[in-house]
Amino acid sequence: MKNLSFKYFLPLVLGVLVACGNSNKGSEQTEVEEKDIMAPEFNADSAYAYVKAQCDFGPRIPNSQAHTQCGEWLVSKFKEFGATVYEQKDKVRGWDGTILDMHNIIASYKPETKKRVIICAHWDSRPWADNDSDDKNHHTPIDGADDGASGVGILLELARQLQMQETTIGIDLICFDLEDYGTPQWYNGQHDENSWCLGSQYWSRRQHVDGYNARFGILLDMVGNANARFYQEYFSKRLAGNIVNKVWKKAHDIGVGVYFPKKDGGGVTDDHIPVNNIARIPCIDIIPNYPNSDSSFGPVWHTVNDNFSNIDKMTLKVVGQVMMQVIYNEK
C-alpha cells in the first residue's frame with residue numbers, strides 16, 4: 001500500500017459517495033444494539049506462529065518458489081480448519097509489463113448463509129525495499145512480516161476459532177494477492193495508483209461466488225508492530241463510516257481503545273479501495289499511522305527491516321480480539 005495522493009483518487013471517491021450516499025448517515029442507528037456477548041479468546045501465540053511460518057518461506061514475491069509454496073500452505077491450513085476454500089488463479093500484468101501469477105485465497109464459513117462479513121488481508125510481500133535508508137537495498141525483496149503476514153496470521157487464527165465455534169452469520173476470510181507490486185519509488189516513469197492492489201481489483205470484478213454480497217468488509221494491514229496505533233483511515237470513514245464506528249466502539253468496549261484512537265488518519269491506497277469502488281461492498285482499513293515518524297507507515301515499512309523480529313504478540317492479540325468481537329456479535 002502507499003500514502004494516497006488525493007489529487008488522483010478524490011474524484012473516484014466523490015463518485016462513489018454520489019452513487020451510494022455517505023455511509024456515515026444513519027451511523028447512530030447502528031450503535032443501538034443488543035448488549036455484546038464476550039467472544040471466545042483470541043490466541044495470540046497461534047497467530048504469532050502463523051506469521052513466522054509465512055516468513056519462513058522467504059519473501060512471498062510473485063512468480064517465486066516461496067510465493068507458490070506459501071500459497072499452497074495457506075490453502076491447506078484453511079482446509080485443515082474446516083473452511084470451504086475457493087482459489088482464484090490467473091495471470092495479470094504488473095506496472096512494468098511483467099506477467100504475474102496471481103493467487104487469491106478465500107476461506108468461507110457457512111457458505112450457504114446469505115448474511116456475510118469479510119475479513120481480509122494481503123499475503124504477498126514487497127519485491128523491493130524501496131523505502132530503505134540504504135540505496136543498496138532498494139531492489140531487495142522484503143520478508144513482509146508486518147506488511148502482509150501479520151494480517152494473514154490473524155486470519156488463520158480466526159479460521160481455527162471458527163472451526164471450534166461458529167458464528168451466526170457467514171464469514172469469508174480473504175487473502176488477496178499482489179497488493180504490494182505497486183510502482184516502486186525508484187522508478188522514474190509514471191506512477192499509476194492502479195498498479196497496487198491487483199488481487200483485490202481482480203476479486204472485486206469477479207467474486208468467487210456468482211451474485212456474491214456481504215454486509216461489510218474489514219481489511220487488516222500491518223497489524224503486528226508493537227508501536228502500532230490504528231487511526232481512522234480517511235476513505236474508510238468516508239465510504240463506510242458506520243463500520244468504522246462499529247469496530248472502534250468494540251475496541252473501546254473491551255478496553256483496548258488506546259490502540260484504536262478515535263482520531264483521523266491519512267488516506268491510503270489499499271485493498272479496501274477496490275472492494276468499495278468496484279465490488280460496492282463497504283470496507284474499512286485497519287492500518288497503523290505513525291504521525292511522528294518519517295514515514296506515516298512506520299520506520300520498517302518497505303525496508304529490509306520488516307522482519308519477524310518486529311512482530312508483537314500483544315498487537316496481534318488486540319486486533320484479533322476486536323475482530324472476534326465483531327464477528328461473534330454480528331447477527
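For the criterion of being modelled with pLDDT under 95, open to solvent by 20 Å² or more (accessible area, probe 1.4 Å) and not polar (S, T, N, Q), Asp294 passes.
Scanning segment 75-110 for residues that are under 20 Å from Ser200 (Cβ atoms) and charged (D, E, K, R) turns up Glu87, Lys89, Asp90, Lys91, Arg93, Asp96, Asp101. No other residue among Val258, Val268 is β-branched (Val, Ile, Thr), surrounded by fewer than 20 Cβ atoms within 10 Å (Cβ to Cβ) and either at negative phi or modelled with pLDDT of 95 or more (or both) apart from Val258. For Arg206, the criteria (1) out of contact with any helix residue (DSSP H, G or I) (no Cβ under 9 Å at 6 or more places or on another chain); (2) buried (at least 16 other Cβ atoms within 10 Å of the Cβ) hold in every case but one, which is (2).
Within segment 181-201, is even one residue free of Cβ contacts under 8 Å to residues at least 40 places away in the same chain and crowded, with 20+ Cβ neighbours inside 10 Å? No, segment 181-201 contains no residue that is free of Cβ contacts under 8 Å to residues at least 40 places away in the same chain and crowded, with 20+ Cβ neighbours inside 10 Å. Taken over segment 246-295, residues that are under 18 Å from Asn227 (Cα atoms) and aliphatic (A, V, I, L, M) amount to 5. Being on the phi < 0 side of the Ramachandran plot, surrounded by 18 or more Cβ atoms within 10 Å (Cβ to Cβ), among the hydroxyl-bearing types (Ser, Thr, Tyr) and outside any helix (DSSP H, G or I) is a condition met by no residue of segment 66-84. Taken as a whole, the condition of being closer than 26 Å to His302 by Cβ, touching a residue at least 24 places away in the same chain (Cβ under 8 Å) and crowded, with 24+ Cβ neighbours inside 10 Å does not apply to Ile61.
Return a yes/no flag: does segment 241-259 have any residue that is free of Cβ contacts under 8 Å to residues at least 40 places away in the same chain and in contact with a strand residue (DSSP E or B) (Cβ under 8 Å, 6 or more places away or on another chain). Within segment 241-259 (the criterion being free of Cβ contacts under 8 Å to residues at least 40 places away in the same chain and in contact with a strand residue (DSSP E or B) (Cβ under 8 Å, 6 or more places away or on another chain)), the answer is yes, since at least one residue qualifies. Quick check: anything in segment 304-326 among the aliphatic types (A, V, I, L, M), open to solvent by less than 20 Å² (accessible area, probe 1.4 Å) and over 21 Å from Asn227 (Cα atoms)? The answer is yes, given that some residue of segment 304-326 is among the aliphatic types (A, V, I, L, M), open to solvent by less than 20 Å² (accessible area, probe 1.4 Å) and over 21 Å from Asn227 (Cα atoms). Can you confirm whether segment 22-44 contains a residue that is open to solvent by 70 Å² or more (accessible area, probe 1.4 Å), assigned to a helix (DSSP H, G or I), at pLDDT below 60 and over 26 Å from Cys175 (Cβ atoms)? Yes - at least one qualifying residue is present in segment 22-44.
The values are calculated or read from the model by the stated rules, or taken from the named source; none is laboratory data. What you see is a predicted model; the values in this text were computed from it and never measured. With ideal geometry, Cβ positions are generated from the backbone for all residues, glycine too; neighbour counts draw on all protein chains shown. The protein model used for the area step is the full one, side chains on, heavy atoms only, and it has no ligands, DNA or RNA in it. Shrake-Rupley method; radii C 1.70, N 1.55, O 1.52, S 1.80 Å.
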